[in-house]
1. Residue by residue through region 2-15, note down the ones that are in contact with a Pro (Cβ under 7 Å, 6 or more places away or on another chain) and open to solvent by 30 Å² or more (accessible area, probe 1.4 Å).
2. If we keep just the residues of region 266-313 that are in a helix (DSSP H, G or I) and touching a residue at least 60 places away in the same chain (Cβ under 8 Å), which is most open to solvent (accessible area, probe 1.4 Å)?
3. So, in region 19-55, exactly how many residues are part of a loop (DSSP other than H, G, I, E, B), modelled with pLDDT under 95 and not hydroxyl-bearing (Ser, Thr, Tyr)?
4. So which residues in region 184-238 are of a type in the set (A, V, I, L, M, F, W, C) and assigned to a loop (DSSP other than H, G, I, E, B), if there are any at all?
5. Does region 31-55 hold any residues that are in contact with a strand residue (DSSP E or B) (Cβ under 7 Å, 6 or more places away or on another chain) and touching a residue at least 60 places away in the same chain (Cβ under 8 Å), and which are they?
6. Restricting to region 152-182, name every residue that is in a strand (DSSP E or B) and buried (at least 24 other Cβ atoms within 10 Å of the Cβ).
7. Is it the case that residue 247 is surrounded by fewer than 17 Cβ atoms within 10 Å (Cβ to Cβ), closer than 24 Å to residue 311 by Cα and either modelled with pLDDT of 95 or more or touching a Lys or Arg at 6+ places or on another chain (Cβ under 8 Å) (or both)?
8. Go over the candidates 78, 14 one by one and state the one that is closer than 26 Å to residue 207 by Cβ and touching a residue at least 24 places away in the same chain (Cβ under 8 Å).
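The values are calculated or read from the model by the stated rules, or taken from the named source; none is laboratory data. This is a predicted model, so every value here is computed, not measured. Quick reminder, even Gly has a Cβ in these numbers, built from the backbone with ideal geometry, and neighbours come from all protein chains shown. What goes into the accessible areas is simple: the full protein's heavy atoms, side chains included, and nothing from ligands, DNA or RNA. Shrake-Rupley method; radii C 1.70, N 1.55, O 1.52, S 1.80 Å.
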Amino acid sequence: MSISVLRTTDAWWVRTPLGAHKIDTTARTTADLLADRAAIAAATNATPPVPVETLELLSPVTAPCRVVAQMTNYISHVRDSGMNPAAVPLTFFRKSSGSISGPYGDVRTPNHVRLLDYEVEIGLVIGRSVPVGTDVTEDDLAEVVAGVVVANDVSARDVQLPKTQFYESKSYPTFTPVGPALVLLDDDDLARFDELRLQLRVNGQLRQDMTVGADMIYRPLQALQALTKFQRLDAGDLVLTGTPGGTALKAPAKPIEVLGSLLPPALKWKSFFAAQAKNPNYLQTGDVMEASIATDDGDLDLGIQRTVVRPAR
């Protein structure tokens with residue numbers, strides 16, 4: 001049975017239908033908390049609940065940690081990107097953990113960014129150390145993956161595309177809102193992973209809406225088996241698993257793409273970004289993003305994340 005863990009400035013909490021129960025722990029980091037499972041299990045019987053709405057929630061994933069992300073891992077997103085889902089490889093990139101922010105804070109747009117995009121994703125929170133070369137199997141997946149979170153892989157497309165790299169464009173402060181809850185999973189919960197539905201709304205308009213089972217290409221076991229061939233993971237690390245279609249960025253029509261390839265790079269990007277600037281789906285100051293992940297019956301619910309786009313301070 002899943003357990004929903006919340007975090008505030010000075011405490012960790014277990015959420016139940018009655019409210020939030022404070023966990024009696026000295027843990028300061030997500031890794032420390034995952035090592036104190038006895039305190040998590042005891043919380044609902046040891047402490048009286050308080051209303052969740054009275055808590056100022058932070059990301060349940062603490063920084064510093066590793067943040068690793070899968071690229072183009074949903075069929076619909078691959079098609080939006082102008083690629084062939086049958087041929088797309090299992091690919092990873094890194095984000096700075098300095099980009100992690102809370103579930104109800106502001107997403108701050110750097111002054112030079114004009115094309116700000118959203119990507120709702122399931123985040124896997126690692127439960128134990130996984131050295132390079134570890135053979136992750138289905139039998140120990142529930143130990144390797146302690147839980148899941150709602151994440152938003154916010155992206156500066158006008159930085160990402162001309163520089164042909166992801167790290168900078170996705171690592172600005174506040175570009176990875178996480179939470180509200182870290183939902184700890186058991187084997188039965190993991191068996192329902194394919195039933196999770198990812199949704200993202202901007203100002204109430206549904207932009208992304210897809211289930212894992214209908215759209216995800218490489219599942220967590222495949223991803224972790226590939227990742228641990230070269231990347232160490234530790235408790236509290238975050239692995240983002242890709243986003244479905246519906247982001248603001250979409251590949252141009254093939255004839256336009258072919259014509260663009262004939263232009264000098266500077267002119268090509270100038271033309272491309274001039275066209276993208278007319279796309280109303282890119283985020284603007286004041287836009288409200290609501291990201292949610294849950295099974296349709298609500299039995300496995302990661303919560304709703306609500307963030308507002310603001311200019312950089």
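1. 7
2. Of everything passing the filter in region 266-313, 269 is most open to solvent (accessible area, probe 1.4 Å).
3. Here the count works out to 1.
4. 185, 191, 196, 217, 230, 235
5. 34, 40
6. Once the filter is applied, which keeps residues that are in a strand (DSSP E or B) and buried (at least 24 other Cβ atoms within 10 Å of the Cβ), region 152-182 yields 152, 155, 176, 177, 178, 182.
7. When the stated conditions are applied, residue 247 does not pass them.
8. Unique residue meeting the criteria: 78.
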